[in-house]
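Below is one structure, written out as structure tokens, with a few remarks after it.
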Amino acid sequence: MNGNPVIEAKHLDLTFQTNDGPVQALRDVNLQIHKGDFVSFIGPSGCGKTTFLRCIAALETPTGGKLTVNGMSPDEARRARAYGYVFQAAGLYPWRTIAGNIKLPLEIMGFPKSEQDARVEKVLDLVELSGFGKKFPWQLSGGMQQRASIARALAFDADILLMDEPFGALDEIVRDHLNEEVLKLWARTGKTIGFVTHSIPEAVYLSTKIVVMSPRPGRITDVIESPLPKERPLDIRDSPEFLEIAHRVRDGLRAGHAYD
Amino acid sequence: MNGNPVIEAKHLDLTFQTNDGPVQALRDVNLQIHKGDFVSFIGPSGCGKTTFLRCIAALETPTGGKLTVNGMSPDEARRARAYGYVFQAAGLYPWRTIAGNIKLPLEIMGFPKSEQDARVEKVLDLVELSGFGKKFPWQLSGGMQQRASIARALAFDADILLMDEPFGALDEIVRDHLNEEVLKLWARTGKTIGFVTHSIPEAVYLSTKIVVMSPRPGRITDVIESPLPKERPLDIRDSPEFLEIAHRVRDGLRAGHAYD
Amino acid sequence: MALVIAALLFWILAWYLNVKLSNGPARGTRAVALAVPVVFGVTILVVWELLVRGLNVPMVVLPPPSQIAVKFAASIPILWTDFVQTFVKGVLSGYVIGCAAAFGVAILVDRSDFLKRGILPVGAFVAALPIVGIAPIFVMWFNVGWQSKAAVVVVMVFFPMLVNITAGLQETSAMQRDQMKTWAATYWQGFWKLRLPAAMPFVFNGLKISSTMALIGAIVAEFFGSPIAGMGFRISTSVGQLALDMVWAEIVVAALSGSLFYGALALLERGVTYWHPSQRR
Amino acid sequence: MTRVIFPVLVVVAAIMAFWYAACIPMNIKFALQTAERQGAVISPEGVQARRDMSAFVLAARNPGQWAQTWEQAKPRLPAPHQIVQELWKTTVDVKPTSKRSLVFHGWVTLSATLAGFAIGSVGGILLAVGIVHSRAMDMSVMPWAIASQTIPILAIAPMIIVVLASFGVQGLMPKAIISAYLSFFPVVVGMVKGLRSPSAMDMDLVRTWSATRAQTFWKLRLPASVPYLFASLKIGVAASLVGTIVGELPAGGGQGLGFRLLAGSYYGQTVQIWAALLATAVLAAGLVALIGVLERGTLKRMGLSR
Amino acid sequence: ADEVTLQLKWVTQAQFAGYYVAQDKGYYKDEDLDVTIKAGGPDIAPEQVIAAGGADVITTWMAAALAARERGVPLVNIAQPFKKGGLQLTCLKSAGIEKPEDLAGHTLGVWFYGNEYPFYAWMAHLGLKTDGAGPDGVTVVKQAFSVDPLIQGQADCISTMTYNEYGQVLDAGYKPEDLTVFNYLDMGFGMLEDGLYVKEDDLKDPKFDDKMVRFVRASMKGWKYAEAHPDEAAQIVLDNDETGAQTLEHQEYMMKEVAKLTEGSDGALDPADYEQTVKTLLSAVSEDNPAITKEPEGAWTHEITDKALK
Ligand SMILES: Nc1ncnc2c1ncn2[C@@H]1O[C@H](COP(=O)(O)OP(=O)(O)OP(=O)(O)O)[C@@H](O)[C@H]1O
Ligand SMILES: Nc1ncnc2c1ncn2[C@@H]1O[C@H](COP(=O)(O)OP(=O)(O)OP(=O)(O)O)[C@@H](O)[C@H]1O
Ligand SMILES: Cc1ncc(C[n+]2csc(CCO)c2C)c(N)n1
Ligand SMILES: [Mg+2]
Ligand SMILES: [Mg+2]
């Protein structure tokens, strides 16, 4: 791809010090993510997907190697509000309405009042939740909550969107639907997206680049550039190309998987 | 299939009385399950899959129609300990070891001490957890816990095994593995299995019969007899027959689905 | 004045030490977890000593810790007699009876929804009675011996325990109860094997709350009549005799026995509810 | 609502029946003594003969005197209607501003309780904020906060009153401080729990937005702690009331329900003790209910109740 | 006006009628004094209050005042409105107690809070042990300030004041002839009750000295008025009772009994009474009775009363 990478990891290591001794969560991770990429991270439980995402977001500090975001250190990038982060559970605050939740990061970042409202409207629209702003989170279904949480991460218009299994808790059909939505959103906004998932079809369906990881210590075992077109109807998942990539991902996963 | 059905539902209705008025969870459900069948129930959230399984287990009382289990009423069958039930979460008691958990129903049913231990050994072996009997649940991974919970449902050797999304909380790869295990188990024991899932590949991969349900009020929209052989390697999932059934299931689901 | 300034300086110094300790490299260790509160406690004592001496506070108003310690050491036999009278006879017996009674009623309440709806609100009202008011009545009814103290403790302990046990017994999830049903378990099987173990964290919560209240209740009751031994007796008598060092020695005994009682329960809790997430780590 | 009222009524009725029955053995000895003095024939005759007999035996042998056990001026156990009469006499029959009115004393106790509760809960909240934000405070204060609650407050209450009096602090304040001492602890415990209730994920989330500590506190920790706050306020207000009563006991001769209790016990006025007791319980229940109402309102406004 | 704070030993009752009358009748005002009367209670030690600076003058029993003196609070008796003491042990004849020798083996209710000194002196004199019943001992229980233990049959003897609890026992239906009363004073174990005490250092200040002279003068005037008009005094006390729990009837009884004790005192301490008190206290020095261990010095003065009575 073109230009400087937005995110670049070189020989990244991360070891947690725990009571039972050190746990090496990441070892020698090398990766480049370019502007506009949609990168999925897939791998068995405990392989370090979340840890890697958290490193990018400066929520963990690597113990070795080098990691840059937009040419800055992750912590500088964090303070420059370079990214939005979406967690597995929607994590909306129950005491705020949907609009209030989306407004929260805007308040914290000190956006002017009038702009806050405008942005809330815009992102609610983007995730197709217009009209639900005044509702409380528990009045919405799980899928809608997750969309609201994405809207919240979009509201302050960071260039990078990091999502950690955002749809893990949803049922397959709602999930299919949200996958389509995310793709549309990505196409519309041109953001760089890092996306953690457990689901092979989801990874293949969404990404321009699939990073397969293996556990203990977490390493990247395969990076697959997807040949699929940007335009992806749902039934692309029955196409031979799709199945072939899926197969490659599955093989990569199988290789490094310990069942328990 | 041959002989009398093990489970037979005729014009089954179930309406819950709630504060917001009645909710019809099941309407005119008709189904026959024969000995040795592996029946999957699939359908969008809230369509009544759980409710139907609970009716069979006499945890709910239908408000209309007729339901028999082994020719008895479900409650009689419950008291005759006709089935094992596996819930979505493992639901192991944290204060008991794995062996202690498996022993629990045996204690309650009054099995002699020596036999209890023998059975625990046997089912631990069956789910490949030998050697983990003395561990506490929280010391095991989610997948292992779920297997322990299956072992518990197997320990007292009921003829019917009812499982309500037993693998919903697990990652895809562990899930694949457990699917294989369940199939082997079923082949070895010849039990009749009712299995609720959200995953189309899982339903197709496991079942001899797939029941597709649609919501509000819960009805059966399709019953698909699987032409797949009893012997099913994991990559059968890439075969055209498999994909065709999967397609049919997906279409059935799509038809009745409201996204939120 | 110099002593007052010394007290202030000592305070600042000790606080600095604590901040360093608790944020330093050894922060997770057992030694620091122990050292920090100890440093804090010692600081309070030192500051107290310096202030009392520096400000010339009369001994009959507030004695310095050193004097309390001397008195404590010199009066161990008396303090022990008082401890036995109040704590062993009054508190422990009342505590055991109160908890047992709460347990019995909790089972009744658990079995009957009608009783639950009837007893809990009435119980909440009764629990609002200030024990200091009940104490003279119980002394009148049950005589001045330890029995009346135990009775006060029973009343104090009963309701917090009842509430906690009842809440604990409801702690099981619908799924767990359904599971018992699929195994066709009886009420008592479900009780012993599922609901009671699941209730244990709540039970211990109640046990811990009532442990501190129990001691206070017994001491209060002794103010309204007692044999010539007991912590409450000694405290009130010593106040009358202006032996404030003795009063504080008894307060130390009370705080010590209360904290140890609490600590013992916490330890027991650790053993019984080893499985609960709050006890793991 | 009716689901609760009927069972409560049944339980209350059962208690009343038991209460009246209990009055008979409790008060029978004195009733017999009085009756004998007035010339009634009692079995057995003479105080001496009855001295060591069981109250139940005496009650059984003198059923004619049962009624007397419900009407004594200074009974061991007053009958419910006597307490109600006393309550009526001291609330409705006298001006609320009179020293003989329980409303007056209730108000005095209430105001000290509210002051103490305010000090205690604000102090408790501040302490909790400190504990949550400073590791040093967390590690050093918490064990001592627990130990502080094992100190018999009644023992130090007089000293607190004396020391404060020497600084010229008198009247409501000493009581309020003792009441604050009892109420701060549940508030600290509850608030620490509440302020720590946001999950690691919630905390990470605000971190990704580069929120300051103050922003994290106001926008995340504080709102998240509200349900915990109310739960502990309910415990705290009840403790506050007990603290005020305890603060009133040693002070002697002042206004307030605690003094009524004590005065009742000095002069053997059991009916008066019970009336004051009941008034206190009503006050406590009222305060807890009031916080319950505030809780429901706040949680509803915050969208936390459903 | 000069401010004076008086800390009482006990709750508002006719025991302190003189001060309330002086206040109510304006005797203090006439002396250009602004007096605050602080009621006490069971757990308020006036000696502690004055030591902490919470009062200028207190009423207390001499035993407690001397004890405080030994513990570093140099209190001085400046006036003694109570000539006689009202403390007594009241026993049931029905329990077989007619004379001191009958006490052995019985349960006795005793007030502590510093009121126990005469009792221990008496027991020492009788040679009775106080740590349990036996042929040569008695069982002592701490009695709260109520007569319940006697009425409920939990003790055979209880402490009473002539002017208060004794009346309550009579109210409860006992006749004087049912009761045996041991008056400590009559038995030679009397101790001076309810005197006025101030801090020694304060007296060195002539202004304070003068204030006290006026205070004692007005108070004694109050006492004499109360003695002469018991019913009016009782009403004044009742009006000053904050708890609203006192009854006029009982206060009238109390005032009449208190008058018998104050009668014959012009406020000046009788040194002979002082000697008896000290002798009694020193006769029973023990672990249980640590009032004083040596002859006190300078514990009283006639300075104030001399000036006041001029
Ligand atoms: N704070 C921590 N302290 C110690 N070990 C940790 C910590 N966070 C993660 N680990 C360990 O690091 C490894 C990688 O964890 P990580 O959460 O990144 O895995 P993951 O790939 O996201 O797994 P999952 O699919 O289950 O979310 C695991 O072995 C985990 O136990
Ligand atoms: N106890 C109950 N009271 C009232 N309504 C109920 C109750 N249990 C279930 N329902 C309603 O009945 C319908 C069917 O619920 P059920 O749990 O069987 O769905 P499901 O197919 O298992 O859904 P899911 O995939 O989310 O588990 C839903 O609309 C649900 O809200
Ligand atoms: C100086 C002084 N010392 C002791 C008492 C004690 N006292 C006298 S009467 C009584 C019982 C209640 O009326 C008590 C305890 C007192 N009042 N004043
Ligand atoms: Mg993860
Ligand atoms: Mg379900």
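The magnitude of the dipole of chain C, with charges of +1 and -1 set on the Cβ of Lys/Arg and Asp/Glu and taken from the Cα centre, is near 780 debye.
Where the only charges are on Cβ atoms (+1 Lys, Arg; -1 Asp, Glu), what is the dipole of chain D about its Cα centre, to the nearest 20 debye? Dipole magnitude for chain D comes out near 580 debye. In the protein assembly as shown, the DSSP-assigned H stretches of four residues or longer account for a calculated mean residue ellipticity at 222 nm of -17000 deg cm²/dmol, using -39500 (n - 2.57) per stretch and the full residue count as denominator.
Averaging sequence separations of C-alpha pairs under 8 Å and six or more residues apart, then dividing by the length of region D:2-75, give the relative contact order as a whole percent. Rounded, it is 37 percent for region D:2-75. Among the trypsin sites (Lys or Arg not before Pro) found in region A:97-173, those both in a DSSP coil and sparsely packed, with 15 or fewer other Cβ atoms within 10 Å of their Cβ, are A:K134. Pick out which of E:A291, E:A63, E:A52 has the largest mean-square fluctuation in a Gaussian network model of chain E, springs linking Cα atoms closer than 10 Å. Greatest mean-square fluctuation among the candidates belongs to E:A52. Backbone amide hydrogens, once placed in the peptide plane, bring E:T36 within less than 5 Å of E:V4, E:T5, E:L6, excluding anything fewer than 5 places away on its chain.
Each copy carries a label point for B:D235 at 7 Å from Cα toward Cβ; from one copy, the others' points are 2.7 nm away, ordered from shortest.
Ranking C:G232, C:M180, C:A198 by Cα position along the charge dipole of region C:72-279, where only Lys, Arg, Asp and Glu carry charges on their C-beta atoms, puts C:M180 farthest toward the positive end.
How big is region C:129-214 by the Kirkwood estimate over distinct Cα pairs, in Å? Taking every pair of different Cα atoms in region C:129-214, averaging 1/r and inverting gives 14.9 Å.
In terms of distances greater than 29 angstrom between alpha carbons, the cross-link table entries A:K49/B:K230; B:K49/B:K184; A:K209/B:K184; E:K207/E:K279; E:K99/E:K256; B:K35/C:K181 yield A:K49/B:K230; A:K209/B:K184; E:K207/E:K279. Between A:N4 and E:D239, the modelled labels are 9.3 nm apart [label points 7 Å from Cα along Cα→Cβ]. Distance from a point 7 Å along Cα→Cβ of C:L196 to each backbone N in region C:157-171: keep the residues under 16 Å and list them by number. Taking a point 7 Å out along Cα→Cβ of C:L196, the residues of region C:157-171 whose backbone N falls under 16 Å are C:165-166, C:168-171. Computed from label points 7 Å out along Cα-Cβ, the spacing between D:K89 and A:A80 is 8.4 nm. Between this copy and the others, label points of B:S141 are 3.3 nm apart in ascending order, each placed 7 angstrom from Cα in the Cβ direction. With R₀ set to 45 Å, the beta-carbon distance separating E:D32 from E:L248 gives a calculated FRET efficiency near 0.90. Given labels modelled 7 Å from the Cα in the Cβ direction, how far is it in nm from D:A200 to C:N56? It works out to 5.9 nm between the two label points.
Calculated FRET efficiency, B:K184 to A:E241, Cβ-Cβ distance, R0 = 30 Å: about 0.35 to the nearest 0.05. DSSP beta bridges confined to the protein assembly as shown are antiparallel in about 55 percent of cases. Of all aspartates and glutamates in the structure, the ones whose alpha carbon falls short of 13 Å from that of E:K29, not counting any fewer than 8 places away in one chain, are E:D2, E:E3.
Between C:Q170 and E:K99, the FRET efficiency from the beta-carbon distance, with R0 = 56 Å, is close to 0.25.
Surface exposure of the protein assembly as shown, expressed per residue as accessible area with a 1.4 Å probe, stands at 40 Å². Cα convex hull, chain A: 139 Å³ per residue, rounded to a whole number. In region D:1-156, a dipole from Cβ-located charges (positive for Lys and Arg, negative for Asp and Glu) runs towards its positive end, and of D:A115, D:I153, D:I42 it is D:I42 whose Cα lies farthest in that direction. Considering chain C, its Cα convex hull presents a mean projected area of 19.0 nm².
With the label put 7 angstrom out from Cα along the Cα-to-Cβ vector, A:R248 ends up 3.3 nm from the copy partners, going from closest to farthest. In terms of the Cα gyration tensor, with a ≥ b ≥ c the square roots of its eigenvalues, is region E:209-310 rounded because a/c is under 1.5, prolate because a/b exceeds b/c, or oblate? Here region E:209-310 falls in the oblate category. Restricting the calculation to Cα atoms, region D:102-301 shows an Rg/Rh of 1.06 when the hydrodynamic-style radius is the Kirkwood one.
Maximal additional length on extending the A:H11-A:T63 stretch stands at 17.7 nm, based on 0.36 nm per residue less the C-alpha distance. In chain C, with Lys and Arg counted as +1 and Asp and Glu as -1 at Cβ, which of these residues, C:A2, C:T29, C:F159, has the Cα nearest the positive end of the dipole, that is, farthest along it? Checking the options against the dipole of chain C, the answer is C:T29. Within chain B, what percent of beta bridges assigned by DSSP are antiparallel, to the nearest 5? The antiparallel proportion sits near 50 percent. Overall, region B:93-157 carries a charge dipole of about 200 debye about its Cα centre when +1 sits on the Cβ of Lys and Arg and -1 on the Cβ of Asp and Glu, all other atoms neutral. Taking only alpha carbon atoms, the protein assembly as shown gives an Rg to Rh ratio of 1.07, where Rh is the Kirkwood radius. Of the complete DSSP H runs in chain C, those spanning 24 angstrom or more by Cα along the long axis with a mean Kyte-Doolittle score not below 0.5 are C:2-23, C:30-54, C:93-111, C:146-169, C:196-222, C:244-272. Using only the C-alpha atoms, the convex hull of region C:2-57 corresponds to 48 Å³ per residue. Within region B:93-157, the ratio Rg/Rh, alpha carbon atoms throughout and Rh by Kirkwood, equals 0.93. On a 0 to 90° scale, report how tilted helix D:80-91 is relative to the longest principal axis of chain D, with both axes built from alpha carbons and the result rounded to the nearest 10. Compared with the principal axis, the helix lies near 60 degrees. Over chain C, Cα pairs under 8 Å with separation of 6+ residues give a relative contact order of 21 percent. Between helix A:142-155 and chain A there is an angle of about 90 degrees, using the helix long axis and the longest principal axis of the Cα atoms.
Largest GNM mean-square fluctuation among C:L162, C:L21, C:L256, using chain C with Cα springs under 10 Å: C:L21. Between the helical axis of E:230-240 and the longest alpha-carbon principal axis of chain E there is an angle of about 80 degrees. Buried surface for the C/E pair, taken as the accessible area of each chain alone minus that of the pair with a 1.4 Å probe, is close to 2100 Å² in total. Straight-line cross-link reach from C:K89 at under 21 Å between alpha-carbon atoms covers these lysines, not counting any fewer than eight positions away in the same chain: C:K149, C:K208, E:K142. Sequence-distant contacts, meaning Cα pairs under 8 Å at least 6 residues apart, place the relative contact order of region E:98-167 at 38 percent. Applying a DSSP loop filter and a limit of 10 other Cβ atoms within 10 Å to the trypsin sites (Lys or Arg not before Pro) in region D:43-104 leaves nothing.
Straight-distance candidates among the aspartates and glutamates for linking to C:K20, with alpha-carbon spacing under 17 Å and chain neighbours fewer than 8 residues away dropped: D:D138. Restriction of the GluC sites (Glu not before Pro) in region E:61-164 to DSSP coil positions whose beta-carbon has at most 14 other beta-carbons within 10 angstrom yields E:E98.
The values are calculated or read from the model by the stated rules, or taken from the named source; none is laboratory data. Everything numeric in this text was worked out from a predicted model, so none of it was measured. Every residue, glycine as well, gets a Cβ built from its backbone with ideal geometry; the counts of neighbours run over all protein chains shown. Accessible surface areas use protein heavy atoms only, side chains included; no ligands, DNA or RNA. Shrake-Rupley method; radii C 1.70, N 1.55, O 1.52, S 1.80 Å.
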